[in-house]
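Working notes for the structure below.
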Amino acid sequence: MIRNPIPWPNGARCACAITFDMDADSLIHISRPKDGHDRLYPITMGRYGPTVGIPRILDTYARLGLKQSFFIPAWCIEQYPDAVDAILKGGHEIGHHGLIHEDPIETKGEAQRIAFEKALDIHKARIGARPRGYRAPVYNVTQQVIDLLIEHKFSYESSLMADDIPYLMRTAQGELWEAPVHWGTDDWPPFAHYAEIDYMMPVKAPSEGLKAFWEEFDAQYEAGGFWIGIWHPFLTGRLARWRQVEQWLEHTLKTKNVWFAPLEEIIAHVKKVTDEGLYSPRVEHLPYYTKTQVGL
């Protein structure tokens, strides 16, 4: 069902990445800039991620020998150094996720460049390396963001939805790989309930909410594809949900021929087999449009 399946390392049937967006309480500060600092319930809901969820997640990864990807707003990198240090100590990837989870749609022009590059400087100073990957807050990538990523020599971005497997985006400025996401493997629809940002979903039971992710995995595994979870430590990192994730990971690692890896390694592999002539990726040419398509 996937027309051009990627040859994964060691004959693996499916490449898998659990990617956590450690937004913490940046969400309340950016959504309620006047008084977010005094809204204690959403602050504590977000803080649960780096202070309780991250240690739990990292313990599981260490026990199972997994290295995975985390996307962290630069403000959170500075605000939660212990969580960042623990992620780095575990050998995991940290990607660019904005400055304080600002929406690129609302931060266009010079303001977007300033926020993007300030976040990049924090990565370099705090982590000691340039991030290779980027995920846009709210998935809201613009053409300006793509241009900034190419200008700053990022390897990949992971916010767009044009395919089931990684693909190549090509512009007049250069190329950028996409590690595509989808709401079907994002934990906001089943688990987020956040009045302050007008996101009021009925919270599902752990077994019901997570079932959708496992069904998405089964389809990708059957097709020889790419499965990615787009999760948040303060949502899926909570006790009952993570208990079920642990059980799924243990079962999958024992019974399936899968390759769990950070996105930077998955994209590096796709680039390698492409450069060696062993694979031909699908190419999306950008920009898609240069002016509004309404009222023409």
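For this structure, a couple of remarks:
- Flag for Ile6 being of a type in the set (Val, Ile, Thr), out of contact with any Phe, Trp or Tyr (no Cβ under 7 Å at 6 or more places or on another chain) and either on the phi > 0 side of the Ramachandran plot or in contact (Cβ under 8 Å) with a residue 12 or more places away in the chain (or both): no
- Sole exception among (1) of a type in the set (A, V, I, L, M); (2) under 15 Å from the mean Cα position of the chain (by Cα); (3) modelled with pLDDT under 95 for Ala129, by number: (2)
- Qualifying positions in the stretch 264-279 - over 15 Å from Phe154 (Cα atoms) and open to solvent by 90 Å² or more (accessible area, probe 1.4 Å): Lys272, Asp275, Glu276, Leu278
- Filter result (hydrophobic (A, V, I, L, M, F, W, C) and out of contact with any strand residue (DSSP E or B) (no Cβ under 9 Å at 6 or more places or on another chain)) within the stretch 69-95: Trp75, Cys76, Ala86
- All positions within the stretch 46-61 that are touching a residue at least 40 places away in the same chain (Cβ under 8 Å) and either in contact with a Pro (Cβ under 6 Å, 6 or more places away or on another chain) or closer than 17 Å to Ala261 by Cα (or both): Gly49, Gly53, Ile54, Ile57, Thr60
- Taken over the stretch 211-234, the criterion of being closer than 18 Å to Cys14 by Cα and either in a strand (DSSP E or B) or among the polar types (S, T, N, Q) (or both) is satisfied by Gln220, Phe226, Trp227, Ile228, Gly229, Ile230.
- Residue in the stretch 235-242 that is closer than 21 Å to Arg63 by Cβ, part of a helix (DSSP H, G or I) and open to solvent by 50 Å² or more (accessible area, probe 1.4 Å) present: yes
- Summed over the stretch 182-233, residues that are acidic (Asp, Glu), surrounded by fewer than 16 Cβ atoms within 10 Å (Cβ to Cβ) and within 30 Å of Pro7 (Cβ to Cβ) total 3.
- Under the condition of being in contact (Cβ under 8 Å) with a residue 12 or more places away in the chain, in a strand (DSSP E or B) and hydrophobic (A, V, I, L, M, F, W, C), the residues counted in the stretch 151-202 number 4.
- Positions within the stretch 270-285 being part of a loop (DSSP other than H, G, I, E, B), out of contact with any helix residue (DSSP H, G or I) (no Cβ under 6 Å at 6 or more places or on another chain) and touching a residue at least 12 places away in the same chain (Cβ under 8 Å), in sequence order: Leu278, Ser280, Arg282
- Of the residues Glu151, Glu106, Glu110, the single one that is open to solvent by 10 Å² or more (accessible area, probe 1.4 Å), modelled with pLDDT under 95 and more than 21 Å from Trp231 (Cβ to Cβ) is Glu106.
The values are calculated or read from the model by the stated rules, or taken from the named source; none is laboratory data. All values derive from a computational prediction rather than experimental measurement. Virtual Cβ from ideal backbone geometry, glycine too; neighbours counted across all protein chains shown. Ligands, DNA and RNA are stripped out before the accessible areas are found, and what is left, the full protein with its side chains, is counted by its heavy atoms. Shrake-Rupley method; radii C 1.70, N 1.55, O 1.52, S 1.80 Å.
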